[in-house]
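The structure appears right after this line, and notes come after that.
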Amino acid sequence: MADVFNVRFNLNFSYPTEEMKAIYASYERIHNERILRLPNTYRALYGKRVVFVGDSITSDNLGYRTTVTRAARLIAYDTSLSGGKSSNILENAMETIKTQAPDIVSVMIGANDSPLKGEPLKHGVELADYAANVRDIVSTATKAGAKVMLFEITPIHEKNFAAHYEGKQKFQTNENIARYNAALAKIAAEYGATLLPNGWLGKAADFEPDGIHLSVEAQERFAARWLEAAMKII
């Protein structure tokens, strides 16, 4: 039987075809129902070219990216990667921006960069390296003439995160995330990019049980916020 969490976040590709068809059909229904609930005020976005840069919160099969792409009829280029860090999405993101001439580059990366390092395993990307990677993406987008939507790293639900990753040597706090978000604020100011806060998230209901991935409901609210922000900069 398919692990629906793994399917949703693109972590397994070996389930039976008929089972997968049923799961993806349920995703289609959810996206279509969301679109009907969204206020139809984003016609100015129709046909705009958007490059999405992110990790599993962006690549989520029930995430905001698919909803806004369909709702606003975007020409979308997805460079997000489940488990992605600024370091391993950098090359693809920059090349896509250079070759596809997007109107908007939407960046929300850092959930996997920012976890504190622990032994014996090591996680994350050092703050200075993270800032340099994001700066390269934003600089490339700016030179390409794109508007940049730079989203803060989403907070975690600390209690649930700690319980889920206990024994896995992966640590995180919202205080640490704030350090990385401060770097994003400096980059946004440097390039005139739009920095969008994610502090509206934080309750347990906003997350999956692991305390880091966004719930289906939070993804729907994020889609509405994404559309609202995009309309302001286009």
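Read-outs: derived from the displayed coordinates by stated rules, not from any lab. Every value quoted in this text rests on a predicted model; they were computed, and no experiment measured them. Cβ placement follows ideal geometry from the backbone for every residue including glycine, while neighbour counts extend to all protein chains displayed.
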- Which peptide among 47-59, 161-173 comes first, and what is the full order, when sorted by highest mean count of other Cβ atoms within 10 Å? 47-59, 161-173
- Task: Among the listed pairs LYS85/LYS170; LYS85/LYS168; LYS48/LYS85; LYS21/LYS48, give every one whose C-alpha distance is greater than 21 Å.
- Result: LYS48/LYS85; LYS21/LYS48
- Task: Would you mind computing, in nm to one decimal, how far apart the modelled labels at GLU126 and ARG221 are, each placed 7 Å from Cα along Cα→Cβ?
- Result: 3.7
- Partner aspartates and glutamates for LYS147 [C-alpha distance under 19 Å; skip if fewer than 8 residues away on the same chain]: ASP78, GLU95, ASP103, ASP136, GLU190, GLU228
- Message: Show me the ranking of peptides 204-214, 218-228 by mean Cβ neighbours inside 10 Å, starting with the highest.
- Response: 218-228, 204-214
- Cα centroids of the stretch 1-63 and the stretch 172-212: how far apart, whole angstrom? 22
- Message: Using a 7 Å offset from Cα along Cα-Cβ at ILE234, what residues in the stretch 33-48 end up with backbone N under 18 Å from the label point?
- Response: 35-48
- Mind putting a number on the dipole of the stretch 4-233 about its Cα centre? Charges go on the C-beta only, +1 for Lys and Arg and -1 for Asp and Glu, and I need it in Debye to the nearest 20. 700
- For the stretch 204-221, Karplus-derived ³J(HN,Hα) couplings (6.51, -1.76, 1.60; θ = phi - 60°; whole Hz; x for glycine and proline) come out as 4, 5, 7, 10, 6, x, 6, x, 10, 6, 6, 5, 4, 5, 5, 4, 5, 5
- Message: Once you keep just the Cα pairs under 8 angstrom separated by 6 or more residues, what percentage relative contact order results for the stretch 1-111?
- Response: 30
- Message: Taking R0 as 22 Å, what FRET efficiency do you get between ALA205 and LYS21 from their Cβ-Cβ distance, rounded to the nearest 0.05?
- Response: 0.15
- Query: Going out from 0 in 5 Å bins, what whole percent of all Cα-Cα distances in the stretch 4-233 drops into each bin?
  - Reply: 1, 7, 14, 18, 21, 17, 12, 7, 2, 0, 0
- Note on the structure: For 16-22, 103-109, ranked highest to lowest by mean beta-carbon neighbours within 10 Å, the order is 103-109, 16-22
- Helix-only [θ]222 nm of the chain, DSSP H runs n ≥ 4, -39500 (n - 2.57) each, per residue, nearest 500: -15000 deg cm²/dmol
- Any idea which of LEU38, ILE234, VAL105 is furthest toward the positive side of the dipole for the chain, if Lys and Arg beta-carbons carry +1 and Asp and Glu beta-carbons -1? ILE234
